[in-house]
Every structure is written in structure tokens, then in C-alpha cells.
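Peer 1: Dumping the structure here so I can ask a few things about it.
The values are calculated or read from the model by the stated rules, or taken from the named source; none is laboratory data. Since we're looking at a predicted model, the values are computed, not measured. Because the Cβ atoms are built from the backbone with ideal geometry, glycine has one as well, and the counts that use them run over all protein chains shown. When the accessible area is computed, the model is the full protein with side chains, heavy atoms only, and any ligands, DNA or RNA have been set aside. Shrake-Rupley method; radii C 1.70, N 1.55, O 1.52, S 1.80 Å.
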Amino acid sequence: MSLAEPPHTMEIAQILMSLLHAWGLDPDLDRVCESKLGLLRPMVPVCFGVVSRHGHMAVQLPTWLGSWAEAAAAAPTDQALLSSDLPPELLRQEKLTRLFTSKLHWELSTTLTTNHLLSIVALANTLMSMSNASFVPEQEVARRLHRPTTRTSSWGGDEEREEQLAAQQAHIKQGWSLLATLHCVLLPDKVVAAGAKNFKRPQVEMLARRWQHQCLEVRDSAQALLLAELGRLGPKGRKQLVDNWAQFLPLYTHTESINPHAAQKEPVEKQEEESEEEEEEIVRKPSSLAELKRKQTTAVVLLGVIGAEFGQDIASEGAAGSKRRKDLDSRKSSIVEGFTLSASNNLARLTALALTHLLLAPGSPKLPLHTPLRRAAVDLLGRGFAVWEPYLDVSHVLLGLLEMCSDADKLVPSMTYGLPLTPQADSCRTARHALTLIATSRPGAFITTMAREVARCAAAAAGAPPPPAALALHRGRAEVLRGIELLIDRMHAEVAELLVEVMDIILHCVDQSHLKSKGLNEVFPAICRYNQVSHCPATRRIAVGSHTGQLALYELRAGRCQSLAAHGGPVTACAFSPDGRYLVSYATADNRLSFWQSTAGMFGLGAAQTRCVKCYSTAPMADVARLNPARLARLVWNNSRTVTLMLADGSETRFNV
């Protein structure tokens, strides 16, 4: 190992990864780790320990092996060890090391297991995200010396070299991915298969407390490990976990963030408590207010994760569970009254209220604005929005998220270039991700809620003072437009059913002064992918064909919208003439093409009136159901009085006004 080049980051990482890897569980992966990744196989068992809050370290000393040495001597020797030239003493030591790393180490402590897995998964994911991060000396030297623009004797040689490096990097990334998968997903089954009888599983509460850890790599590994562990528990295990932690779910109110009365009351009789502990594992009672608050924080995150990822576990309960709950309630069980899974006051509702409170509560000394708990609530609201939606005020949630990520433009550099995140940037990043999850999981709810808030702001602008939500909507305009553009990209058909509402949102959020000199396809090009949308820069009007057959005409100069009953079904396409005098619309539902003209009132007074000046019946299209609805028809004006209808079946027909 060469320490000539400071800093020694990769050498330190090599030592740590070599000591943390569970050697002996997967021989094929062990060979990949040695040959491709450059890990060093330990020859003796390693001391592992955890550091306490006060700086003390608890170490499990493998030098005191006792019966473990006898177990290693009795274990069958691996074929690879038999073929090696190791002396008997080293052979015995190697067997003991393999037994320790593959089996005995995982039977020591749940805390040790949790910290160990967090460390190696976070490190493996970090190395996987790097370019060609290998500890093999030759590969590491090649990685440091490689420059994409290096000149060679011929272009062909340069390309061949680049291909070799790309293939090598793919193999290295795959190796780190397999290493992370072994410890995150496969390890419990592998350890049990190796003969472990008392595997210490990762602690779900420790992982839940790190759900929004300030270090992104630790955060990602904690989330992956927690979801894997909850999946392994199965419905019964998750149900028991919910029952054990529901007692600590805080009852958030408008005036305080923690309600100590949410803690469980002590059982009256000691015999009853003992019988309950025999029946199911009960979480240890808190001994102080600080511990109670810590358990309440853990309960919010843990129940939020279970609800978001396994919503059926807390949203409803079968008849068997109901009977068991009644039996437990009759004996003062661990489930607090009010947290039972009844239709009127279920746990999903209480969890949703707690998460919403954490999002919307103003900053205070007890609950600062940018904390891991608040970020966790924001993240879980996005992940489990489909579960929480019946119990939420969707408008308040969306506006709260918009307020939280309203300064995204200023914070983008630290979120984009891998710089250490400030608490504010971390909250902004989490809120932006939650908005994306909500928009894509419930596009209809996102669009209609935003359109409703836009309508309220427009109504208030006429004379009444603007509502408080108007400020959040104004500051979050860029995020709203980003969400709409994302939905158009990913969920084109769903947005098509709410085009008028989408146009209301766009016109409220874009700078309308840009529409005076630019076309809509320049200001917000995503919406122009729909043939049901047309903009006339000459007259400053926008037409939108709706899913109900209505035509919405936006007069940008006057700031008003007119609705026309145009067709008996969804409008397929519409287009303004080049001079803006006519608007043509077409619908496959009634096979009709209509020309519309707007006329001003007498002496230019009053609102412009739009009427149908000509109507044509068109030939029906065959197999409309199997065609892409977004590509059924297109209207192209040849001149100011002639338009061509271009159908998806390839036919083209001209019509004159």
C-alpha cells in the first residue's frame, strides 16, 4: 500500500471496506471483491464496537473466543483453504476469521448489526457513485492518469481505449452494487444459512431515527435498510410493530408540538403487564420526558414509513385483529385509546395529522424550521400521499410545500453540484421531491387543487385583499410550472383531461408580459404539445379544447376567459387562423369541424361575442380506440380562410370558411 499521495482517502476506504465486508457468506462475491474491487481479506477476527454519546466505546473483543475456537476447529474446511499453503496455525486462524465474519459477528448485538450495515451500505453506495473507484493498484493508477482527451497514435486506438475503460467501470460499479445488495437485502438469509441461530436483526427504531440523516449517504442506506427490514417482517410483524409504537404517536395540536398525554398509562396490576409482555414484545417505557420525546419522534417516522410503503397495514384491520384488539383493550393493553384502527378515528388519520402539523407548524425553539424530523414528515407526506390524502387538507399541504421550496433557485447550486447541503437547502430539496411524488401519484388532485387556489387569488384580486395562500403561490410559481411540465412529460393523457385547469395555472404562474412579444411555444413550450391548445400572438388570445367538449377562449388583453359549448365530446384539436379572425375546432366524438369568429360589441363597447359561423360533418375515423388520443388529428391553416384536417389514419381534407 502506497501512502505517497496525500490525502490517503482511498487507502483508508480500502481498509474500512475490507474490515466491514462479511467475508465467507458469498464465495463468488468474495472473489469479485478481491480481484475487481481490491479489498483485502482479514486474516484474524476484527474488533467491532460502537461509540456512545459521551465518547466511550464498547468493544466486543474477539481475542476472548472461548468455545468459538472449538467451533471453528470442528467446522469443515473450505476447499480453497485446503488447497492453500498456509501453516496449520494460520489455517486455524483463517477458519476462525471466516466463521466470525459470516456468522458469529452477527449474533453479538442489534446495535452493532445496525451500525455495521449502515456503514458498509453507505460506503458501498458512495464508491459506486464514483468513477472507476477500485482499490486494485493498477486500476487505481489508470483511473488517476486517465484523461478523456488523451491523444493516441490513431483515433481508432483512442476509441478502443475508451471502450475498455467504460467496460471496466461497468464491472466495478456492478461489484459495488452486489456488495451493497448482499448487506442490505440478502444478509439475514445468508447468515441463517451459514448456521447462525441467534441473528441480531437491525433495529428499526435506529434506522427510523436516521431516515433524514444530515449525511445523504447515511440517509439513503438507512432508508434502504429500513424498507428491507420492514419487508422481511411481513404483515404480522409490521402489525405488531404498529401496535407497539402507536402508543407513542404524539397528538399534535395548534399550540404545542408534543403532547405528553399521548404516552401510555401504566397498567394497574403487575400481573397483567407480565402477561402482556409474554404475549407480544412491548417497547420499553420511557424513563424521562427527553426519552418520551425521542420515542414520539421515532413513532412519527416509523408509523409514517409503514403507512407510506405498506398502507394497508395501518389503514384497515381484519376481523381476527379486531377480536384480538378487544381482548387486549379489556386488559388495558399497550394500544392507547384513540389509536385503534376504527373507521372514525384510525391510525392513518392520526399519523397524517401529525405529519401535516410538522409540515405547517411555524418555526419555534421547540420545533425549528429545518430539522430532520420536519424533513422526514415532508418526505413521508410525499411518499404516502395516496394513503394520507383522505385525511389531509390538500391545499394547505401543497401550499406549505411550495413555501418550503420557494427559494429553490438560490439553493440550486448546493443541491446540484454535490456540495454539502445546508439545512435550508436540504429542506428545499426534500419539499421539491415530495411535490414531485404528489403530482405524479395524484395528478388530478394536484392540478385541481392548484387551479382552485389560482381561482381564489383571481377572485380576490378584483377588490378584496389577497388571501394568505396567494403569497405562497406567488413565491412558488417556478415549482408549480416545473410540476406541470413534469406531468405533461410523464402523464400526457391524464393532463389532457384537465387542460383548461392546467392553462389557468400556467397563465397565473408565467410572466404574462413575455406573451406580448413571444409565442406560448416559447414561454411554456410543453403545453403546446397538445393539439387542443392554440395561441394567436396577433390578437393575444389562447384557445383550449376541453375533455367535456367546451372551448375556453382566454383574452389576455382583458384578462378574462370565455367558455363555449362547442362539441358533444372531447375536443380533439383547435387552431387560430394566421390573422386571428377565425378559430377552427374538431372533435372525433361527433365527427364535426366548426369555424368560430369573435365580433366586438357596438362601437367597440362590451365584451366580444364568439359564435359559430360554419360547421362541417366529417367522415368517421376507423379504430379510434386503438389510436393514440394525442395524435388523432391536427389542424393546419393553408391561408387565412382554408384549413387542412390531418387525421391519424393518414387522410387529409381541406375546408373553407
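Peer 1: Pop out the ³J(HN,Hα) list for the stretch 240-247 in order, Karplus 6.51 cos²θ - 1.76 cosθ + 1.60 with θ = phi - 60°, rounded to Hz; leave Gly and Pro as x.
Peer 2: 5, 4, 4, 4, 6, 9, 4, 5
Peer 1: Under 5 Å between amide hydrogens, which residues at least 5 positions from F48 or on another chain qualify, with H placed 1.01 Å from N in the peptide plane?
Peer 2: Residues meeting the criterion, in which the H sits 1.01 Å from N, are Q60.
Peer 1: Normalising by the residue count of the stretch 525-578, find the relative contact order in percent from Cα pairs under 8 Å and 6+ residues apart.
Peer 2: Details: 106 pairs, mean separation 19.5, N = 54.
Normalised by residue count, the contact order of the stretch 525-578 is 36 percent.
Peer 1: Now for a different question. Sorted by mean Cβ packing within 10 Å, highest first, what order do the peptides 42-51, 121-130 take? Before the final figure, lay out the partial values.
Peer 2: Working: 42-51: 14.7, 121-130: 20.1.
Result, highest mean Cβ count within 10 Å first: 121-130, 42-51.
Peer 1: When you count, for each residue, the other Cβ atoms within 10 Å and take the mean per peptide, how do 287-294, 101-108 rank with the highest first? Working shown, then result.
Peer 2: Details: 287-294: 12.2, 101-108: 20.9.
Descending packing order for the listed peptides: 101-108, 287-294.
Peer 1: Go through R374, R540, R456 and list them by solvent-accessible area, largest first, probe radius 1.4 Å.
Peer 2: Numbers: R374 5, R540 35, R456 125 Å².
Largest accessible area first, the list is R456, R540, R374.
Peer 1: Read phi for every residue in the stretch 491-503 and hand back ³J(HN,Hα) as whole Hz from Karplus 6.51 cos²θ - 1.76 cosθ + 1.60, θ = phi - 60°, with x for Gly and Pro.
Peer 2: Result, rounded to whole Hz: 9, 4, 5, 5, 5, 4, 6, 10, 5, 5, 4, 5, 5.
Peer 1: How much length is gained if the chain between R581 and T599 is pulled fully straight, taking 0.36 nm per residue apart and subtracting their Cα-Cα distance, in nm to one decimal? Please report the intermediate quantities before stating the final value.
Peer 2: Details: separation 18, 0.36 × 18 = 6.48 nm, distance 0.92 nm.
Separation in residues times 0.36 nm, less the Cα-Cα distance, equals 5.6 nm.
Peer 1: Compare the peptides 493-502, 567-576 by average per-residue count of other Cβ atoms within 10 angstrom and give them in order, highest first.
Peer 2: 567-576, 493-502
Peer 1: Would you mind classifying the stretch 486-617 by shape? Square roots of the alpha carbon gyration tensor eigenvalues, ordered a ≥ b ≥ c; an a/c under 1.5 is rounded, otherwise it is prolate if a/b is larger than b/c and oblate if not. Don't skip to the end; give the middle numbers.
Peer 2: Values: a/c = 1.83, a/b = 1.07, b/c = 1.71.
It is oblate, given that a/c is not under 1.5 and a/b is not larger than b/c.
Peer 1: For each pair in K36/K190; K36/K200; K103/K190; K293/K366, compute the distance between the two Cα atoms and list the pairs where it is over 19 Å. Display every interim value, and only then the final one.
Peer 2: Details: K36/K190 22 Å; K36/K200 31 Å; K103/K190 9 Å; K293/K366 11 Å.
Too far apart for the 19 Å limit: K36/K190; K36/K200.
Peer 1: With a ≥ b ≥ c taken as the square roots of the eigenvalues of the C-alpha gyration tensor of the stretch 382-521, please select rounded if a/c is under 1.5 and otherwise prolate if a/b is larger than b/c or oblate if it is not? Kindly include the intermediate steps, with their values, before the conclusion.
Peer 2: Details: a/c = 1.35, a/b = 1.22, b/c = 1.11.
Judged from the Cα gyration tensor, the stretch 382-521 comes out rounded (a/c under 1.5).
Peer 1: Which one, A565, H514, L481, is farthest towards the positive end of the dipole of the stretch 424-573 when Lys and Arg carry +1 and Asp and Glu -1 on their Cβ?
Peer 2: Result: H514.
Peer 1: For the stretch 543-652, report the accessible area per residue in Å² (1.4 Å probe, heavy atoms, rounded to an integer). Present the calculation step by step, with values, prior to reporting the outcome.
Peer 2: On the way: 5540 Å² over 110 residues.
With all protein chains present, the stretch 543-652 gives 50 Å² per residue.
Peer 1: Something else now. Quote the FRET efficiency, to the nearest 0.05, computed for R31 versus S395 with a Förster distance R0 of 45 Å and r equal to the Cβ-Cβ distance. Each step should come with its number before you reach the end.
Peer 2: Numbers: r = 57 Å, r/R0 = 1.27.
So the FRET efficiency works out to roughly 0.20.
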